[in-house]
Amino acid sequence: MTERPAQPAPLRPAAPRDPVVVVVAGALYDRGRLLAARRSAPVELAGRWELPGGKLEPGESPEEALIRELREELGVEVEPGERIPGEWPLKPGYVLRVWTARLLSGEPRPLEDHDALRWLSRSELDSVDWLDQDRPAVAEAARRLPAV
Ligand code: 523
């Protein structure tokens, strides 16, 4: 009797998944400090601090979205760096992904969506009330804070 080679498992079609809205945020560094932005809206998030960013638009790469969002919201030009590993759930259907970014030009101002900004050194990172979903990314961003 001839042995039959093991058959590969039949391929199953991928389970349909709901499209996920990707929100990109920037861990923006300048001279050993990380930028924190205080949200002014919506009401349930207002007053909490976040890594600034926003929703990816169709056809954009995450890096392009980050450059656009930080230009619109803060009036600065940034250079995206590495992605911080991980992905954090937001409200249903939304996930947060974070990139490091370096300030190229401009001084951040709270032009849209924020009412305060702070540059935080490593020892100051716990002094603001971060959004819960941003905390793991902030912890990772802190590990990457360049020494001054
Ligand atoms: N978050 C969040 N953390 C974080 C960002 C940038 C966003 O939890 N660092 C949440 C807040 C909102 C959703 O992600 O529930 C979308 O962020 P938002 O409102 O900043 O995205 P925009 O700027 O694209 O939204 P529009 O103002 O509607 O254009």
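The values are calculated or read from the model by the stated rules, or taken from the named source; none is laboratory data. Quick caveat: nothing in here was measured; it's all calculated off a predicted structure. Ideal geometry is used to build each Cβ from the backbone, glycine not excepted, and the neighbour counts take in all protein chains shown. Heavy atoms of the whole protein, side chains included, go into the accessibility calculation; ligands, DNA and RNA do not. Shrake-Rupley method; radii C 1.70, N 1.55, O 1.52, S 1.80 Å.
Some values worked out for this structure:
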| quantity | calculated |
| --- | --- |
| Within the range 12-65, strands (runs of 3 or more DSSP E) holding 1 or more residues that are more than 8 Å from the ligand (Cβ to nearest atom), in contact with a strand residue (DSSP E or B) (Cβ under 8 Å, 6 or more places away or on another chain) and modelled with pLDDT of 95 or more | 21-30, 33-39 |
| Conditions (1) within 9 Å of the ligand (Cβ to nearest atom); (2) part of a helix (DSSP H, G or I); (3) open to solvent by less than 50 Å² (accessible area, probe 1.4 Å); number of the one not met by residue 70 | (1) |
| Residue in the range 56-68 that is more than 21 Å from residue 118 (Cβ to Cβ) and polar (S, T, N, Q) present | yes |
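Results for (1) hydroxyl-bearing (Ser, Thr, Tyr); (2) open to solvent by 60 Å² or more (accessible area, probe 1.4 Å); (3) under 15 Å from the mean Cα position of the chain (by Cα), shown as yes or no for each residue.
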site: 95; (1), (2), (3): no, no, yes
site: 98; (1), (2), (3): no, no, yes
site: 104; (1), (2), (3): no, yes, no
site: 108; (1), (2), (3): no, no, no
site: 135; (1), (2), (3): no, yes, yes
site: 140; (1), (2), (3): no, no, yes
